[in-house]
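The values are calculated or read from the model by the stated rules, or taken from the named source; none is laboratory data. Please read all numbers here as calculations on a predicted model, not as lab measurements. Quick reminder, even Gly has a Cβ in these numbers, built from the backbone with ideal geometry, and neighbours come from all protein chains shown. For accessibility, only protein heavy atoms count, side chains too; no ligands or nucleic acids. Shrake-Rupley method; radii C 1.70, N 1.55, O 1.52, S 1.80 Å.
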Amino acid sequence: MTDIDHIENAIGRFGLYQTWILILVTISRYPTEFQLTNVVFILPSVEYVCLDEQASNATNYCPCDNPEYDTSVIINSVTSTWDLICGRTQLASLAQSMLQVGILAGSLLYGYISDRYGRKIATCLAFTTTVIFVIISAVVPEIWMFLVCRFLIGTGVGGTMLCSYILVIELSGKSFRAYLTGLFEISYLTGYLVHPIIAYYVREWRYLQLVTSVPWVFVLLNFWLLPESPRWLITMGKKEEAIRILTTIAKRNNRPTDDIKSIVDKIEQETQQERKQEYGSYIDLFKTPKIRIYSIIIAFVWFCCAHTFFGINQYIGRLQGNLYLNVILSAASLIPGIFLVILASLYLRRKLAVITSFSTAAISLLVFIFIPEDSHAVSLTFAIIGQLGAYTSFVQIYLYSSEIFPTIIRNSAMGFASMFARFGSFIAPFVVNIGIEWVSITIFSVLAFCAGFLCLLLPETQNIALLNTIQETEKPNDKQ
């Protein structure tokens, strides 16, 4: 691995132009972020009084053909719209899981599109399809149509999460990547924080879906304003277009442009010496020994990370207290995570930082098991600490994974890892629903410990330039 970042030398580590792109991408990601946090508001577990004659107005009586739902917290939800109670509760679980299945498919699909056809087209398509299917989901008349929309929304969400991140990372210099780990989370955290406030005032799920898709105007701007990744263009042999984009960025950042052609020539020469193919695919993740090992380890780490994070996230939604306040507190508790991630990325080795986050999540969850049931505040506190540990590990593993894999297969590798993350998040609700609290929490804790241990087997990537080819990655590495 190399310490020299030629792209940073050409356009700066992160100037005004990259800042504008980050702002545009951040706003465009809000529809995606809202879909990741809306399950507790549109698919809640709703109390009801059964008005059937044999039920005698019993609460939550099954079976029930004439339920009268409690509207004190949420006026209308997917659960109440299609009566997802009693024998139909599995449809509510399926609706939650369909988003994760869609994210899985989208991670694979858009990962391939991004590596094959470019970061820009993949990112713009992901942004657009997410907004379109969110709007459609708000007006569909049948539950099966909603389930289909949840899947299609998920494909866009999966593409957005991966492709926009990789594009911004590849537009920045290596010395700024530590800050990007935190800056890129602004959309998720602010969306997570604002969503319960919006949901408090918009308590009908159809209107809530429409309101949270409002940033569609900014989504359309991406087709005109987003640049293609110069690193991808050079790796694909599109030298002239890379020079044009780098020159534009350098001018916007008030940097000299005289040396850009020579810098691109140098990168192209280095890449051509190593490159044996025009573009990567998922097969390339298993052709060579180092990449193969990294792919398997990263996939399992992402599985454990997503399983723990989404499991804790759903568990917090079931804790005692006000739903909206619990979610706001959960979101606010993650804000320090941004600063912790940035500090860890700047001053700690990647492996140490990630392992510390996983260990924090695992230990806090073990403590949670022994907290008395009537200590609601203490339970919420340790659940939030566990969520913070899982969250910071998730943020850092995004950066760590993008640094491990070369440009030619970076998005494919991230898509493959994200696929396993979806497996983890898909089964998280079932673990939460086991019914024995200490068993569920122990599973989350053990998997967090496993993820931290596996990170010991990965290479150190702090302060290295992003590699472009598989051959560069396979070379002996003394930064372990």
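Data for the structure
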{"read-out": "Linear extension gain, Val140 paired with Glu240, 0.36 nm per residue minus alpha-carbon span", "value": "31.3 nm"}
{"read-out": "Distance from region 405-472 to region 143-186 (C-alpha centre basis), Å", "value": "16 Å"}
{"read-out": "Translational diffusion of the chain, µm² s⁻¹ [Kirkwood Rh, Cα pairs; Stokes-Einstein; 37 °C; 0.692 mPa s]", "value": "142 µm²/s"}
{"read-out": "Modelled FRET efficiency - R0 22 Å, Ile4 with Lys287, Cβ distances, 0.05 increments", "value": "0.25"}
{"read-out": "Signed unit charges on C-beta, dipole axis of the chain, positive-most listed residue Leu226, Ala377, Asn254", "value": "Asn254"}
{"read-out": "Net charge, Gly159 excluded, C-beta distance under 15 Å - Lys, Arg +1, Asp, Glu -1", "value": "+4"}
{"read-out": "Which of Leu36, His6, Thr59, positive extreme of dipole for the chain (C-beta unit charges)", "value": "His6"}
{"read-out": "Unit charges on C-beta of K, R, D, E only; dipole of the chain, Debye", "value": "1440 debye"}
{"read-out": "Spatially close lysines, pair count over the chain: Cα under 18 Å, gap of eight or more or interchain", "value": "21"}
{"read-out": "Computed label-point distance, nm, for sites Leu325 and Thr71 using a 7 Å Cα→Cβ extension", "value": "2.5 nm"}
{"read-out": "Förster radius 60 Å - calculated FRET efficiency between Glu373 and Lys261, Cβ distance, rounded to 0.05", "value": "0.30"}
{"read-out": "For region 72-134: accessible area per residue (Å², 1.4 Å)", "value": "34 Å²"}
{"read-out": "For region 1-269, the Rg and Dmax computed from alpha carbons only, in angstrom", "value": "23.1, 84"}
{"read-out": "Relative contact order %, the chain, counting alpha carbon pairs below 8 Å whose residues are six or more apart", "value": "23 percent"}
{"read-out": "Angle in degrees between helix 186-201 and the longest Cα principal axis of the chain, rounded to the nearest 10", "value": "20 degrees"}
{"read-out": "Principal-axis tilt of helix 437-454 within the chain, Cα atoms, nearest 10 degrees", "value": "10 degrees"}
{"read-out": "Three-way shape call for region 203-245 based on the alpha-carbon gyration tensor, with the a/c threshold at 1.5", "value": "prolate"}
{"read-out": "Carbon and sulfur %, accessible surface of region 1-156 computed with the full protein complex present, 1.4 Å", "value": "61 percent"}
{"read-out": "Peptide ranges 161-173, 132-144, 209-221 listed from the most packed, as the mean C-beta count within 10 angstrom indicates", "value": "161-173, 209-221, 132-144"}
{"read-out": "Extension gain (nm, one decimal) between Leu210 and Asp52, 0.36 nm per residue minus Cα-Cα", "value": "53.5 nm"}
{"read-out": "Accessible area per residue, Å², region 279-479 with all protein chains present, probe 1.4 Å", "value": "37 Å²"}
{"read-out": "If the convex hull is drawn through the Cα atoms of region 9-134, its volume per residue in Å³", "value": "126 Å³"}
{"read-out": "Percent of alpha-carbon pairs separated by more than 24 Å within region 279-479", "value": "41 percent"}
{"read-out": "Accessible surface of region 163-256 [probe 1.4 Å, protein heavy atoms]: carbon and sulfur percent", "value": "64 percent"}
{"read-out": "For the chain, Cys with no neighbouring Cys Cβ under 4.7 Å", "value": "Cys124, Cys149, Cys163, Cys304, Cys305, Cys450, Cys455"}
{"read-out": "Rounded tilt (10° steps) of 410-432 against the dominant C-alpha axis of the chain", "value": "20 degrees"}
{"read-out": "MRE, 222 nm, helices only [DSSP H, n ≥ 4, -39500 (n - 2.57), over the chain, to nearest 500]", "value": "-22500 deg cm²/dmol"}
